[in-house]
Amino acid sequence: MSSYELVYQKLRENILNGHYKHGDELRETAVGKEIGVSRTPVREALRQLELEGLVTIIPNRGAFVNGISEQDVQDIYLIRARLEGLCARMEEMEETMMLTAFHEEQGHYDQLFKLDSRFHSLLYEACKSKILEHELKIFHQYVQQVRKNALKKEARAEQSTKEHMAVME
């Protein structure tokens, strides 16, 4: 691990665990002495921490800790919830597509129809709009019999799988 990486990791850890509080000044010489490195890796680490928003560097004044605010925590939880939800839906979509490929090879057209419906339901849920989800489900129901008949044809079943894979990707 380089001197820069060591300083970066140590400062980041100390900011996140509350050792350094909001508004604390991080002096290059003091930090370098504390960690046992020159000012250069400290300066590089502070620049990286500024890019992450954990530090503000004011020219001719120094580097000051921003830390994590309550709003940051709320934002992080909101972002995590959305990303984790997206990951879960992606896993469900991938599982659905793997099953679709299997049942397509086996010629299990009734299963293909069920998996096709599951795929579309996952898409509709992902839109995060109850009104849009409701409307899409209604349209989906209108063409249900046509879809069921179409998916019984090998060429259309194969094409449908390819289209779903493209949407998922």
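Computed values, structure above
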quantity: Degrees, to the nearest 10: 109-126 long Cα axis against longest axis of the chain; calculated: 40
quantity: Heavy-atom accessible area ranking, 1.4 Å probe, most first, across LYS10, LYS21; calculated: LYS21, LYS10
quantity: Under-5 Å amide H pairs with ASN66, H placed in peptide plane, nonlocal only; calculated: GLY23, VAL55, THR56
quantity: Loop-resident sites, region 85-169, for trypsin sites (Lys or Arg not before Pro), counting at most 10 other Cβ within 10 Å (DSSP); calculated: LYS128
quantity: Qualifying trypsin sites (Lys or Arg not before Pro) in region 37-68, DSSP loop, other Cβ atoms within 10 Å at most 10; calculated: ARG61
quantity: Helix-only mean residue ellipticity at 222 nm for the chain, each DSSP H run of n ≥ 4 adding -39500 (n - 2.57), per residue, nearest 500; calculated: -24500 deg cm²/dmol
quantity: Computed E for ILE58/GLN9 - FRET, C-beta separation, R0 22 angstrom, nearest 0.05; calculated: 0.40
quantity: Long-range Cα-Cα pairs in the chain (distance over 27 Å), rounded percent; calculated: 53
quantity: By accessible area with a 1.4 Å probe, ligands and nucleic acids excluded, highest first: order of LEU78, LEU51, LEU115; calculated: LEU51, LEU78, LEU115
quantity: Calculated P(r) tail over 14 Å for region 109-169, as whole % of Cα pairs; calculated: 58
quantity: Per-residue SASA entry for GLU5, accessible area with 1.4 Å probe, Å² rounded to 10; calculated: 80
quantity: Candidate residues VAL73, VAL65: accessible-area rank, largest first, probe 1.4 Å; calculated: VAL73, VAL65
quantity: Qualifying aspartates and glutamates (Cα of each under 19 Å from Cα of LYS162; at least 8 residues distant if same chain); calculated: GLU91, GLU92, GLU94, GLU95, GLU104, GLU105, ASP110, ASP116, GLU154
quantity: Farthest toward positive dipole pole in region 1-94 [+1 Lys/Arg, -1 Asp/Glu at C-beta], among LEU51, SER3, LEU83; calculated: SER3
quantity: Under 30 Å from LYS21, Cα to Cα: lysines that are on another chain or at least 8 residues apart; calculated: LYS10, LYS33
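The values are calculated or read from the model by the stated rules, or taken from the named source; none is laboratory data. A quick note: this is a predicted structure, and the numbers were derived from the prediction, not measured. Ideal geometry is used to build each Cβ from the backbone, glycine not excepted, and the neighbour counts take in all protein chains shown. These accessible areas exclude ligands, DNA and RNA; they are computed on the full protein's heavy atoms, side chains included. Shrake-Rupley method; radii C 1.70, N 1.55, O 1.52, S 1.80 Å.
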